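Presented below is the structure to which this report refers.
The values are calculated or read from the model by the stated rules, or taken from the named source; none is laboratory data. This is a predicted model, so every value here is computed, not measured. Here the Cβ positions follow ideal geometry from the backbone for every residue, glycine too, while neighbour counts run over all protein chains shown.
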Amino acid sequence: MMESFSLLHSIRISALVLSVTSALDPHELTIIILSQSEGYHVAHADLLKNDIQEQARSMDKGIPNVILTHNLDIKGSWTFVPLLPYMIAQYSQSKWFFFCEDNTVIRLPLLINFLSSLNYTQEQWLGHALYDREPTIIHHFAEHTKKFKYPNVASGFAISAELVHSLANKIVKGEGPNNDFSIDASYEFSSFILSSSKKRLIHAPELCVVSSRDCATYPRYFHPCTNPVPREKVFIAVKTCSKYHLERIPIIKQTWGKYASNIGYFTDKTDKNLPDAYVVPNTEQGHCAKTFAILEIAHKLMQKQSLDWLIITDDDTILGLARLLRLLTCYNPANPVALGERYGFRMWHNAQGYDYLTGGAGLALSASIVQQILESGLCHCPSPSSPDDMFIFGICISRLGVKPTQCSLFHQARPLDYALAYLASNEPVSFHKFWMIDPIKVYEQWFAESDSIYAKNNMHTEL
Ligand SMILES: *[C@@H]1O[C@H](CO)[C@@H](O)[C@H](O)[C@H]1NC(C)=O
């Protein structure tokens, strides 16, 4: 009796030892949170880090390395590439590297189980795979569609140490990517891995876009931080020019524009079709002087009415106004904040490269940063036709010591330019371009319902 018990016991123990030896210990995992230096994002990255460490402690195992990238101050870390040599140098004991955002929810025991089922000595990487439905502007109209997969970054993705090693070697040897513009980091990183290591992303359904019981990770939906910012506290500047007064402005006025309390149309010529417009200097391209003039006019209005935010859009931006004002509740207008969709220019050249906010997606500037741009004397346009987004919302704000804050809810292209699963994972605040779509339908499909809270109020004021 005693004997058979101890036999059974020893079988159990050896089975346990076997499974433990093949399992990944959390301390062999490095989790890299793509954090940002703006306060709301720092707070969320810290919460995620604490949550991961707490989960590891209650598993009674080692603690994963958790890196917040804004603390490293490695230029262009949001494109992943510059991080790889650093990770290999600092965390050589890690078997897996897991990249995620500050809004990724991680269930550590499930993530460890998932990674334990894989072989870290093989070059491989796994994520929630996205693919394009058709060639899209954000991916340079590349022809490869469904076969080419890239990860939904907010779901996180895992790279084996073996693959990180081999990529880091190539980067150090100067064989990293060399594209001038960084637009969609996930897509461009996947292209780099495919061309340099011949590895395609493996789809991992455990890394989810929408939460369910078995998910090891999923993106957390945005929750407003306070009551919505009143639309009376915001000035919206729409950049247009005379050739679009009849084609585009009526669509803006028919959709989100009708809900704005303070809205200005900034154009190049007086026109009876748009009598309420501000006339500012125009250039065929670049628009630096035009945008600077908009800032000057907006700043005066904002001071007079003590407004908190300036939103700048193109005349073909499709905005969800109510959603955008919910988003702004998480940012302090007394701080220098520039919020929108981030692009990068020459991220691989240490001296020259910089981040900037792309204009078409719409962007939000706090009253504080508008004042600094105008009063610092650091932001005069190099020429009237310098690109306004690259200069003012890139070079200029970096001279002020401000990093643009990236928010993946802003979109520089149309809904059909994005992967379906990606769009399902959060609530966009904008799209851009009226080309080959019905912008009114897009507005109705995405934003009309949330903006309908204003329809009630509009009726009240008219009564
Ligand atoms: C992991 O992969 C390596 C290299 O392909 C192989 O030699 C090894 O047997 C694999 N280990 C397991 C447990 O499958």
For Ile236, are the conditions met, namely being of a type in the set (Val, Ile, Thr), closer than 30 Å to Ala364 by Cα and part of a helix (DSSP H, G or I)? no
Exactly one of Leu115, Leu167, Leu111, Leu163 is buried (at least 22 other Cβ atoms within 10 Å of the Cβ), outside any strand (DSSP E or B), within 16 Å of the ligand (Cβ to nearest atom) and touching a residue at least 24 places away in the same chain (Cβ under 8 Å), and that residue is Leu115
For the range 101-108, check the following and say yes or no: at least one residue is away from the ligand (no atom under 16 Å from the Cβ), closer than 25 Å to Ser197 by Cα and touching a residue at least 12 places away in the same chain (Cβ under 8 Å). yes
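Okay, residues lined up against (1) surrounded by 15 or more Cβ atoms within 10 Å (Cβ to Cβ); (2) at pLDDT below 95; (3) within 26 Å of the chain's Cα centre (by Cα):
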residue	(1), (2), (3)
Ile138	yes, yes, yes
Lys149	yes, no, yes
Asp180	no, yes, yes
Ser186	yes, no, yes
Which of (1) modelled with pLDDT under 95; (2) outside any helix (DSSP H, G or I) does Arg12 not meet, given it meets every other one? (2)
Residues in the range 51-71: is at least one assigned by TED's automatic domain parsing to the domain that holds Leu167, hydrophobic (A, V, I, L, M, F, W, C), crowded, with 16+ Cβ neighbours inside 10 Å and more than 24 Å from Leu118 (Cα to Cα)? yes
Taking the condition of being surrounded by fewer than 21 Cβ atoms within 10 Å (Cβ to Cβ), part of a loop (DSSP other than H, G, I, E, B) and polar (S, T, N, Q), how many residues in the range 387-414 meet it? 1
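Please verify whether Thr121 is within 16 Å of the ligand (Cβ to nearest atom) and either under 26 Å from the mean Cα position of the chain (by Cα) or β-branched (Val, Ile, Thr) (or both), treating the condition exactly as stated. Before you say what the answer is, go through the steps one by one.
Numbers: within 16 Å of the ligand (Cβ to nearest atom): yes; either under 26 Å from the mean Cα position of the chain (by Cα) or β-branched (Val, Ile, Thr) (or both): yes.
Spelling it out, Thr121 is indeed within 16 Å of the ligand (Cβ to nearest atom) and either under 26 Å from the mean Cα position of the chain (by Cα) or β-branched (Val, Ile, Thr) (or both).
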Just for the range 124-141: of the residues that are touching a Ser or Thr at 6+ places or on another chain (Cβ under 9 Å) and free of Cβ contacts under 8 Å to residues at least 60 places away in the same chain, which one is nearest to the ligand (Cβ to nearest atom)? His139
Would you tally the residues in the range 203-219 being surrounded by 17 or more Cβ atoms within 10 Å (Cβ to Cβ) and part of a loop (DSSP other than H, G, I, E, B)? 6
Residue selected from the range 188-202 under the condition within 27 Å of Thr358 (Cα to Cα) and not hydrophobic (A, V, I, L, M, F, W, C), by the criterion surrounded by the most Cβ atoms within 10 Å (Cβ to Cβ): Ser190
Has the range 87-95 got any residue that is away from the ligand (no atom under 16 Å from the Cβ), over 23 Å from Gln406 (Cα atoms) and among the aromatic types (Phe, Trp, Tyr)? yes
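Go through the range 281-294 and give me each residue that's surrounded by fewer than 21 Cβ atoms within 10 Å (Cβ to Cβ) and at negative phi. Steps first, please.
Filtering the range 281-294 down to residues surrounded by fewer than 21 Cβ atoms within 10 Å (Cβ to Cβ) leaves 281-286, 289, 293.
Passing the criteria: Pro281, Asn282, Thr283, Glu284, Gln285, Ala289, Ala293.
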